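J.: Just dropping this structure here.
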């Protein structure tokens, strides 16, 4: 029997992450929809035919047509222009809120998993207390204290999701602390900063990136809900949740006032969910080679 040299066996190189995403139908759809959203947000000042806040660019409650592709609202503002500029607010809301949740959750989870002891109990018990309340209730409480505004809504949505990110980071980091490489680093005399930043953080970031991608859709929905209740973006900002709320009184006469903002929210949430699911499969080493 011939002995085969391992060095002579060709090794299969892992596919790049972007290629694995594109080979996933859900990932390709999510990326395509998000590309359209990002382009709409970036090019809104040049694509939008009218100002999103200027009154009486057309007659009030004009149906969709050549002059106004998606019609006008009750104040004569162009709905298409407001949808385009609303994409900017949507991306801003989702990004800021998730950054607040991710950074805070990572700090809490990593500290609890690494230091353990009384600090772990304090941080995780505090997280459990916050888990007993819904995200919406926490966000409403923050907005009630801080006052209704777009900035406060982003902060409220971000803070409300911190317990979930903290629990996820804690569970992932705790699993890493039980592995031999981590115990070996401790035996080699690595300090707290090196253990957290060089060993724990890089190994849990793939999981947290997936969680953050999926969390973007939740943040957008939560911010839209606050806007719908009048606790988020304030007039005349073209925020999709507020546009839904403003169109309720004209649902029968002008259904497009609720149809198009609702469709924009639904497609954006759908895109982030599809991308998050595809990203989870792409990062998972078990999925390589399928």
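J.: Output the number of residues of the range 52-77 satisfying the condition of being buried (at least 16 other Cβ atoms within 10 Å of the Cβ) and over 17 Å from residue 261 (Cα atoms).
T.: Here the count works out to 2.
J.: For the range 118-131, check the following and say yes or no: at least one residue is part of a helix (DSSP H, G or I), modelled with pLDDT of 90 or more and under 15 Å from the mean Cα position of the chain (by Cα).
T.: So far as the range 118-131 goes, no, none of its residues is part of a helix (DSSP H, G or I), modelled with pLDDT of 90 or more and under 15 Å from the mean Cα position of the chain (by Cα).
J.: Looking at 259, 279, 221, 263 in this structure, which one is surrounded by fewer than 23 Cβ atoms within 10 Å (Cβ to Cβ) and either touching a residue at least 24 places away in the same chain (Cβ under 8 Å) or touching a strand residue (DSSP E or B) at 6+ places or on another chain (Cβ under 7 Å) (or both)?
T.: On the way: 259 fails: either touching a residue at least 24 places away in the same chain (Cβ under 8 Å) or touching a strand residue (DSSP E or B) at 6+ places or on another chain (Cβ under 7 Å) (or both); 279 fails: surrounded by fewer than 23 Cβ atoms within 10 Å (Cβ to Cβ); 263 fails: either touching a residue at least 24 places away in the same chain (Cβ under 8 Å) or touching a strand residue (DSSP E or B) at 6+ places or on another chain (Cβ under 7 Å) (or both).
Just a single option satisfies the conditions, and that option is 221.
J.: Another question about this same structure. Scan the range 232-245 residue by residue and report those that are surrounded by fewer than 24 Cβ atoms within 10 Å (Cβ to Cβ) and either within 16 Å of the chain's Cα centre (by Cα) or not in a helix (DSSP H, G or I) (or both).
T.: Keep residues of the range 232-245 that are surrounded by fewer than 24 Cβ atoms within 10 Å (Cβ to Cβ), which gives 234-237, 244-245.
Scanning the range 232-245 gives 234, 235, 236, 237.
J.: Which condition does residue 120 not pass, out of (1) without any contact (Cβ under 8 Å) to a residue 12 or more places away in the chain; (2) in contact with a strand residue (DSSP E or B) (Cβ under 6 Å, 6 or more places away or on another chain), if it passes all the others?
T.: Only one criterion is unmet by residue 120, namely (2).
J.: Exactly one condition in (1) at pLDDT below 90; (2) closer than 26 Å to residue 233 by Cα; (3) in a helix (DSSP H, G or I) is not met by residue 220; state its number.
T.: (1)
Conditions tested, residue by residue: (1) touching a helix residue (DSSP H, G or I) at 6+ places or on another chain (Cβ under 8 Å); (2) under 25 Å from residue 269 (Cα atoms); (3) in a loop (DSSP other than H, G, I, E, B).
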{"residue": "36", "(1), (2), (3)": "no, yes, no"}
{"residue": "41", "(1), (2), (3)": "yes, yes, no"}
{"residue": "50", "(1), (2), (3)": "yes, no, yes"}
{"residue": "56", "(1), (2), (3)": "no, no, yes"}
{"residue": "59", "(1), (2), (3)": "no, no, yes"}
{"residue": "62", "(1), (2), (3)": "no, no, yes"}
{"residue": "65", "(1), (2), (3)": "no, no, yes"}
{"residue": "68", "(1), (2), (3)": "yes, no, yes"}
{"residue": "76", "(1), (2), (3)": "no, no, yes"}
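J.: Can you find, within the range 36-51, the residue that is nearest to residue 275 (Cα to Cα) among those that are in contact with a strand residue (DSSP E or B) (Cβ under 8 Å, 6 or more places away or on another chain) and surrounded by 17 or more Cβ atoms within 10 Å (Cβ to Cβ)?
T.: 48
The values are calculated or read from the model by the stated rules, or taken from the named source; none is laboratory data. As the structure is a prediction and not an experimental result, all values here were calculated from the model. All Cβ positions, glycine included, derive from the backbone under ideal geometry; neighbour counts span all protein chains shown.
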